[in-house]
Structures are given as C-alpha cells and as structure tokens.
Amino acid sequence: MQELMAQLLSHLKGIWKYRWYAVIAAWVVALAGWITVYKLPDRYEASARVYVDTQSILKPLLSGMTTSPNMEQQVSIMSRTLFSRPNVERVLRMVDLDIKASTAKDREQQIKDLMDEIKMGTTGRDNLYTILYSHENPKLAKDVVQSFLTIFVEGSLGDKKQDSASAVHFIEQQIKAYEEKLVLAENALKEFKRKNVGLLPREGGDYFAKLTTTSESLNQAQLELREAENARNAIKKQMTDGEPVLADQAPVADSNPEIDGRIQAMNKNLDALRLNFTEQHPDIVATKRLIAQLEERKKEEAKLSKRSTDPGKNYSPMLQQINVALMEAEARVASMRARVAEYSSRYNHLKTQINAIPQVEAEFTQLNRDYEVNKGNYEKLLERRESAKMSGEMATTTELLTFKIIDPPMVPQIPTAPNRFRLVSLVFLGALLAGIGIAFLMSQIRPTFQSQSALREITGFPVLGTVSMIWTDQEMIKRKKGVYAFGLSLLILLGLYGAFLAKALKTIPPF
C-alpha cells in the first residue's frame, strides 16, 4: 500500500512539474470545444400523437353476416410500413423538399436522411402512436410530421376500399367460372339421361337391389303358382271320384245364370284393376284370359245341353259348388302363371344388363356428385359475395377504424437539440482530463527522480547522500507568482465555463 501511495505521489509531482502544459492543453481543448458546441445548429423536434380506436358496436351486431378484419394487426402493419420508401418520397413531394435535390444522388441522400430521422413511438396495447421528427427548420419539421400523419390516417381508408373491391372482384370471377362448370355439368347430365333411358337408377335402390327384389318376387310367385296348381289338382281329383254325370254341365237353354254371373263379376273386377294398373299388368292379363275361358265354356255347355235328355241332372247343388271351386282354381293358376312369366321376363332382362347397368349407375352417380359439388360451391360463393359486399360497405361507410388526433403536430419554441448545457460540461471535463493527460505524458517523456528511493530502485546503485535546494527570496517570490498565475488561469477557465453554462441554460431543451 505504501509503495502504491509513493508511486501515486511521484506521478502527481511529475504532473505538477509540467502543470503549464496541462493549463495550455486544457485552454485549447475547452475553447475549441465550446466554440464548436455553439456553432452547432439548433434543431427543433416536431411531434404528434394519434389514438387508433379499433372497437366498434357493429362487430357483434353483424357477427356471422360479415367478415371483419383484425384491426389491431392491421394498425400494427400500418405503423411498421408508414416510413417505407414510397411514403417517404411522397412526403418529400408534399413538403417541396424534392425541389432542392438537383441530382439523383442528392435525392437518395434526402430519402436516407428522412428515413433515419423520422421516428414513431407506441405504447403497445393502448394503440397510441407518436410521430417524431427533428430539423433545423421548425416549420419544415412540423410539415413533415403533418404529412406522415395524413398518410397514416388516409392510408387505412384506401387500403380497406381496395381490399374489399379486390375480394368482391375475385369472388365474382369464381362465380362466373362455377356458372360455366354448372352449365357444362347440367348439359352432360341431360345428355347422359337421354342416351341411357331405361338404364338409369330409380328411386328405391340401385341395380343389384332391384335384381335381388325381382328374384325374391319371382321365387314367391313360383311358390304361389305351385300352391294354386296343387289346389286345382285336388279339386279335379274330387270331381273324378264323384258322380260321372258331372261331366255334363250345359244348361238346357243358351243362357247359363251361373257362368253369366261369374263373367259379370270378373268384368267388375277387371274394371277395378284397370283403375290401378295398366293393360300389361299380370292380374289384368289373367282376368281377361279367365273371362275368355268362361265365354268359351259357356258356348260348349250350350252345345252339350242340346244333346242332353235329362234336363234336371245338371242342376245338382254339389256339382255347381265343385264347378265354381274348379273355375276359381283355374283362374288363380292362370293369374299366377302370368305373374311368374312377368317376373321371369324382368329377371332375365336384368341379368342381360348385368354389365351395362352398374356402369351406367356409376357414371350417373359421378355426374350427380360433380354437379352437386359445383352447385354447392356456387351457392356458397353467392353467399360469400354478399358477405364481402356488406363487409366492404361496413368498412368504408362506418367507423370500424377511428383515428383520434390527441396532439396535433406542434414544434416547441426552444430547440430540442443540441443540449448545450450537457455538451459544455462535457467539454470542460474533457479539457481538464486532456490537460492532466498532457502533463502526465510529458512527465513520462522527460522523467525526473522525485526521491532517493526512486533513484536507487531504477539505477540499482546505493545513494550516498542528497543535496538540498536552497531557494532564495527572489526564487521564492517567483515560485509564488507561478502558483498564483496557475490558479488564476484555472479560475478564468472555470469562469468561462460558468459563462458558457449560463448561456446554455437559456436554451436548455425541456425534459
């Protein structure tokens, strides 16, 4: 610690020896610095504050009917792109700065300087933005801030109109494209139906479902036919086992009340069937066939009645009942045969189309699916177009995004830069440090030994003794004058510092 203090004392003595070098250096640095500080041009900072209100009562009211953009994100993007090159060039034209640029290089320098000096501050979630710009000309600084504020407000409205128009134009183009697709799909579907009449799938199932249903109906009809044939055979056997006179069944006269009654009943049944079915229906065909058989049998019985010698033998009640049952059985058998034939024809027809109908059904399903998809997209696009139009009208005619200017562009009367109070103090401190540094440097360039120990340590030789300096009165007076002059120079320098500081206080910028 003692060695450190001794070394520090030695350095201080060396600096004191070259104190006049320090004074001269401090004066030179201080005067040059203060003159430079006061030659710096004054700069005035213009500022404006604007609040962006992104809340609107129409958003919840029109929710689901319109598409509202993310206003917070839109404002954030606008603030980041406000100082883009096109906007800066526009501002240069608005404030007539581009007139001063005679060459392309000067214009590029103006753009670069403006982009470097213009600033925007924000408080984040509050959507409160501050535009700042400083310049030597206060009016120009205010005009620049006003121009950027105008672009910031008007740019949002123009962007909303342009985005809405672009969206509607795109949707209308898609609607036209889907209209053409729908027309092509409808024509293709119509042509396909025309070419494949009778092969298209009907309501109630596809080809294999119809084939299965027809097969089951055919099996059921065949079973009922066998049952009817067995019932008819049983009646015939009963007639064979009874009286032999049952073969003679003709009436005495040409009219047969029993057959006439059955024919009349059959005609009524035929009329009822025609109300529900066509002439090709199996029941109608079978009824017609049964009526024809009854007419033929009536004629045969009329012929036999002429040869009969016993007019009373054909009027047995038992015989009449068996004949009625036999005729009904024959009619049912004929009806079931016609039904079996019809179902067999349908089944065979379906089997012959086993390869064609599935292909037709697959193509028909594909055409319907494509048509439904295009139709669904077309209807959705129509809804989206109306929604886009309403969204555009809402964005342009209502205040979804409101700009409220809190502080209009203004310039303070006192320049905001440079801060001469601080700069004068820094120059004074720098002058003192420069003087001390020059003196220390001279003490290192031209060193002297300040003590016996320093001489002994550096040379390595023993010090036998020292000779003390005896100052005369004149030398003492001279030394005192030198000290007074040194102190006076420092006081004058300090006084100049105070004067410059007082002057700087008059133009100190507000905090």
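Numbers at a glance
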quantity: Spin-label pair TYR484/LEU4, simplified geometry with 7 Å Cα→Cβ offset, distance in nm; calculated: 4.0
quantity: Protection proxy ranking, peptides 278-291, 172-185, average beta carbon neighbours within 10 Å, highest first; calculated: 278-291, 172-185
quantity: Above-threshold pairs, the threshold being 18 Å between Cα atoms, out of LYS193/LYS380; LYS39/LYS503; LYS268/LYS288; LYS39/LYS506; LYS181/LYS380; LYS236/LYS288; calculated: LYS193/LYS380; LYS236/LYS288
quantity: Solvent exposure ordering (accessible area, 1.4 Å, most first) of GLU330, GLU301; calculated: GLU330, GLU301
quantity: Calculated FRET value between ARG80 and GLN109, using beta carbons and R₀ = 25 Å, to 0.05; calculated: 0.55
quantity: Cβ-Cβ FRET estimate between LYS299 and GLN222, R0 fixed at 25 Å, reported to 0.05; calculated: 0.15
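The values are calculated or read from the model by the stated rules, or taken from the named source; none is laboratory data. Small disclaimer: the values here were computed from a predicted structure and weren't measured. Because the Cβ atoms are built from the backbone with ideal geometry, glycine has one as well, and the counts that use them run over all protein chains shown. Calculation scope for accessible area: heavy atoms of the full protein, side chains included, ligands and nucleic acids excluded. Shrake-Rupley method; radii C 1.70, N 1.55, O 1.52, S 1.80 Å.
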